[in-house]
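Asker: Structure in structure tokens, see below.
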Amino acid sequence: MSTALGDLVVIDLSTEFFGGVAAALLADFGARVIRVENTGVPAPIKNRDGMRPQEVIDAHAELAHRNKQSIALDLETDEGLSVLKQLIARSDVLMTDLPFAEQDAKGLDYESLCGLRADIIVARGSGFGPNGPDRDLPAIDELAASRVGLMSTLGEPGQPPVYSGTGQMHTAVMLAFGALMALVHRAKSGEGQVVDTSLFAGNMYSASLDLQAYLAVRADRILEPVSRLDMGNPMSGPSYPCSDGRWVTLAMPDTDRWWPIFSEVMGLDIDDPRFDTHEKRCGDNRLEMMQLLDELFVKQPGSHWEKEFAEKKMSADLIETYDYPAHCDQARVNRYVLDLDHPSHGEFQSLGFPIMMSDNPARLRSMAPCRGQHTEEVLEDFLGLDADQRNRS
Amino acid sequence: MSKALEGLRVLDCTVWFQGPVSSQYLADFGAEVIHIERPVTGDPARGVRSIKALEIGDWNQYFLVINRNKKSLAIDLRSEEGQQLFYKLVAQADVFLWNQGMDNLVKWNLSYEKLSAVNPRIIHVTNTGHGQKGTLEKPSFDINVQALTGIMTRQGEPGQPPIYLGMGSGDAYGGIMSAFGILMALYQREKTGRGQAVDASLYGAQLFMGAPTLQPYLASGKDFYAKQISRSEAPNPLWNRYKTQDKWMYLCQTNTDDGFSALCDALGAGSIAADSRFADAAARESNNTELIAALDAHFADKRAEAWCDALANAGIPASPIETFKELAADPQAWENDYFLKTWCSETDEEVEIRGLPVTLSKTPGSVETLGPELGQDTEIVLMEMLGMEWEEIEALKAREVIP
């Protein structure tokens, strides 16, 4: 079966997780992605935040670098840079998250790159975007997330700000999307260009609704965490604990539609004068209703509510842990989660492919390569260098 | 200036957030996006009136921002005549985008089989809740799906309630994922001339969004990645959130001896540097709670800005943890077009909106208009695209195919 991006060649000059994932998304759908690893500087420190202790399988690398080839070059030497530039001259896209200053110092600025290949597309993922006073701050997701304001709104009042790490995942897809948009334009016009996105942008878009509301309304309530028992709608948004420590959440914004079923499930009188209209439920009596629901949900275990929700086809859920997708058939048949066999470490699970294409599905062709695993192959097959030339680089 | 997606025509039959965000990305870069809405009621997002129990004010920023740069065409897709009219539009379109459920898709004769028979070049895109395959039947608002992924129970301090990552957080991610899928199918169509079916589900996107912690959980099965980890037990105390005299800050320093020593110098924390419990990387990791407590006490003495300045001078990454208020005034956001100002005709004034998170140097995106009024382009689209005469349009109105 053919792939969607089968004729595309991408040079992946990234060191951050999001940059790797952006290029991997193209590789998953068939692009030939050559990951260039710089041996002239110390390898990037893995697990710098300490949050992935003692992993047998480098899980992030297995997601961010699958389906790629790896070539090791000393980019601190002219010879290494020269090989990189030969690679770029034969490629469609250079994708990079290196600092702008380093790109310039290595002759990888757009003008110089155009000299190598006039219609090159340069897809740059930075920390804070190409303009502005902070363009040169490092591309660290935590820094970008801190600046965006969403962290300060999550959780209960008085708790530490919450870092989820999801902003960088937005950035990764935005970078891949931007590169493809430039390719679509190039197909029509013949011209390449520079694509930019940043961790800052990705985090801003992951905060989209609250952030946009703040821009429009400027209310302090949007800046701060709101207690789960102070939500706008007792039947949409809050979480309630069950007797076994598990939690449920409700998503029934149209409370008029759901009230007859919901009141029955909760053992409430449908005509309870405190809650018999949407206006009362979401207005004057919303706090009282949330307190009451809090007392009712905790009387039963999560499994009880899960069964009730399912039987009555309610828009309400037991809140799961990662154990759920790990054992979920739905995630498997749609290939969101894959069961794999690692050549050195045996069976393991990995995230799969978030997009289904009927004619050109994503495929796992290879696991993440070792550093420099394909150096010889790329130099010989892709650049056509003979043994003597290869040895010199 | 030319636009990257000029000439691309998208029939956007989506509601609420994920689908409209997906086509917003395309519209920002020049695609002609026609938001197809149900007559009279329209996209239910038009009815949003509050957020966080606050009135949204005199313009509906929820709907108007994600539907910017689009046209609106009202058509009753439930009627056979509406479907026949819609097929004529499909014949001249590149992308069909849908997020109103697979059952309605089939019931209203809009399946890939039906539409590709009308136009084999059509790229038929669904944003399902949980994927096109499988038997799972569950509601699929953003929070329903987020609850399934497990990411909510991973956030916050131990014992705290699960945390939803913000209104539309998963929908926004599903939206960009869908836009990416559309472009891949478009890129492929350039080679083959054939369209295909694409699905970017909310569940698939949200699982991928959880990758930073879900991927290591899947690979290792270790509970550590699935549960709440207290900041007072962070394995690397130098990469952590700290409360200063005023606000919180994020410190991002690797746990090396040089890194620790540079940090203590910058903070003037000589006694922490000299403490034998923190003598090397392994000691700092195993005595992490003690080191975090020591740093907590130290950081409480000064304001975040003072600490971050001192750290910046030493080349150590750190940032105050801000609120939307500081962001709204942040030149970094404005100078990169991540925020834009545009005219709002509902209030007759300039408003501030989320801008362009992806920028292209030669074919930049732009915001020309905020979201359209319901059905405002119905007649003009039918005349220009389908060459209809006014009498035919009147006849469609009389039969309530269009309003």
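Asker: Please give me, ordered by residue number, the chymotrypsin sites (Phe, Trp or Tyr not before Pro) of the stretch B:244-305 that lie in loop per DSSP and have at most 14 other Cβ atoms within 10 Å.
Answerer: Answer in residue order: no site qualifies.
Asker: I'd like to compare A:44-52, A:148-156: which one has the highest average count of other Cβ atoms within 10 Å, and what's the full order after that?
Answerer: Output ranking for A:44-52, A:148-156: A:148-156, A:44-52.
Asker: Kindly express, to the nearest 10 degrees and within the range 0 to 90, the angle between helix A:302-311's C-alpha long axis and the longest C-alpha principal axis of chain A.
Answerer: 90 degrees
Asker: Also, I was wondering about something else. Could you calculate, for the stretch A:228-322, the ratio of the Cα radius of gyration to the Kirkwood radius, expressed as Rg to Rh?
Answerer: Result for the stretch A:228-322 is an Rg/Rh of 0.93.
Asker: Most fluctuating residue of A:P354, A:P343, A:P234 in a GNM of chain A with Cα springs under 10 Å: which is it?
Answerer: The residue that fluctuates most here is A:P343.
Asker: Continuing with the same structure: Can you tell which of A:Y110, A:M169, A:A139 lies farthest toward the positive end of the dipole of the stretch A:101-243, using +1 and -1 charges on the Cβ of basic and acidic side chains (Lys, Arg; Asp, Glu)?
Answerer: Toward the positive end, the furthest listed residue is A:M169.
Asker: A further question on this structure: With a cut-off of 8 Å between alpha carbons and a minimum separation of six or more residues, what is the relative contact order of the stretch B:74-157 in percent?
Answerer: The value is 26 percent.
Asker: Once you keep just the Cα pairs under 8 angstrom separated by 6 or more residues, what percentage relative contact order results for the stretch A:228-322?
Answerer: 39 percent
Asker: Identify which of A:G20, A:G80, A:G127 has the largest mean-square fluctuation in a Gaussian network model of chain A, with springs joining Cα atoms closer than 10 Å.
Answerer: For chain A, modelled as a Gaussian network with Cα springs under 10 Å, the answer is A:G80.
Asker: Okay, moving on. Between the stretch A:59-123 and the stretch A:327-389, what's the alpha-carbon centroid distance in Å?
Answerer: Spelled out, the Cα-based centre of one part sits 21 Å from the other.
Asker: Can you give the mean number of other chain Cβ atoms that lie within 10 Å of the Cβ atoms in peptide B:197-207?
Answerer: 6
Asker: For the stretch B:232-264 and the stretch B:105-146, what is the separation of their C-alpha centers, rounded to whole Å?
Answerer: 46 Å
Asker: Which whole number gives the average, over all residues in A:136-148, of C-beta atoms from other chains lying within 10 Å of the residue C-beta?
Answerer: 5
Asker: In the protein assembly as shown, if the dipole is taken from +1 on Lys/Arg beta carbons and -1 on Asp/Glu beta carbons about the Cα centre, which of B:L148, A:S2, A:L211 is farthest to the positive end?
Answerer: So the residue furthest toward the plus end is A:S2.
Asker: Still on this structure, please answer the following. Could you state the angle between the C-alpha long axis of helix A:17-28 and the longest principal axis of the C-alpha atoms of chain A, as a value from 0 to 90 degrees rounded to the nearest 10?
Answerer: 80 degrees
Asker: Dipole magnitude of chain B about its Cα centre, charges +1 at Lys/Arg Cβ and -1 at Asp/Glu Cβ only, in debye to the nearest 20?
Answerer: Charge dipole of chain B: 1180 debye, to the nearest 20.
Asker: Below 14 angstrom from the Cβ of B:Y203, what's the summed charge of the other residues (Lys, Arg +1; Asp, Glu -1)?
Answerer: Here the charged neighbours net out to -3.
Asker: Quick check on the protein assembly as shown: take the gyration tensor over C-alpha atoms, sort the square-rooted eigenvalues as a ≥ b ≥ c, and tell me if it's rounded (a/c under 1.5), prolate or oblate.
Answerer: The shape class here is oblate.
Asker: About its Cα centre, how strong a charge dipole does the protein assembly as shown have in debye, to the nearest 20, once Lys and Arg get +1 and Asp and Glu get -1 at the Cβ?
Answerer: Value, rounded to 20: 1120 debye.
Asker: A further question on this structure: What aspartates and glutamates sit close enough to B:K114 to cross-link, taking a C-alpha to C-alpha distance under 18 Å and skipping anything fewer than 8 places away on the same chain?
Answerer: Within the straight-line cut-off, B:K114 pairs with A:D359, B:D12, B:D76, B:E80, B:E81, B:D94, B:D103, B:D199.
Asker: Between the stretch B:1-67 and the stretch A:259-296, how many Å separate their Cα centres?
Answerer: The stretch B:1-67 and the stretch A:259-296 have Cα centres spaced 33 Å from each other.
Asker: Next question. Using the Cα centre of the stretch A:228-322 as origin and beta-carbon charges of +1 (Lys, Arg) and -1 (Asp, Glu), tell me which of A:P234, A:H278, A:I319 is placed farthest towards the positive end of the dipole.
Answerer: Looking along the dipole axis, the top candidate is A:I319.
Asker: Also, quick follow-up: State to the nearest 20 debye the size of the charge dipole of chain A about its Cα centre, where the only charges are +1 on K and R beta carbons and -1 on D and E beta carbons.
Answerer: 520 debye
Asker: Whole number please: convex hull volume per residue, Cα atoms of chain A, in Å³.
Answerer: Given the Cα convex hull of chain A, per-residue volume reads 188 Å³.
Asker: What residue among A:L287, A:L26, A:L13 has the largest mean-square fluctuation in a Gaussian network model of chain A, using Cα springs under 10 Å?
Answerer: Largest GNM mean-square fluctuation: A:L287.
Asker: Moving to a separate point now. Contact order normalised by length for chain B, with contacts defined as Cα pairs under 8 Å and 6 or more residues apart; what percent is it?
Answerer: Across chain B, relative contact order equals 20 percent.
Asker: Hey, what number do you get for chain A at 222 nm if only DSSP H runs of n ≥ 4 count, each worth -39500 (n - 2.57), divided across all residues, to the nearest 500?
Answerer: Computed ellipticity for chain A at 222 nm equals -10500 deg cm²/dmol.
The numbers here are math on the coordinates, done by the rules we state, and not lab data. The model shown is predicted, which means the values in this text are computed figures rather than measured ones. Quick reminder, even Gly has a Cβ in these numbers, built from the backbone with ideal geometry, and neighbours come from all protein chains shown.
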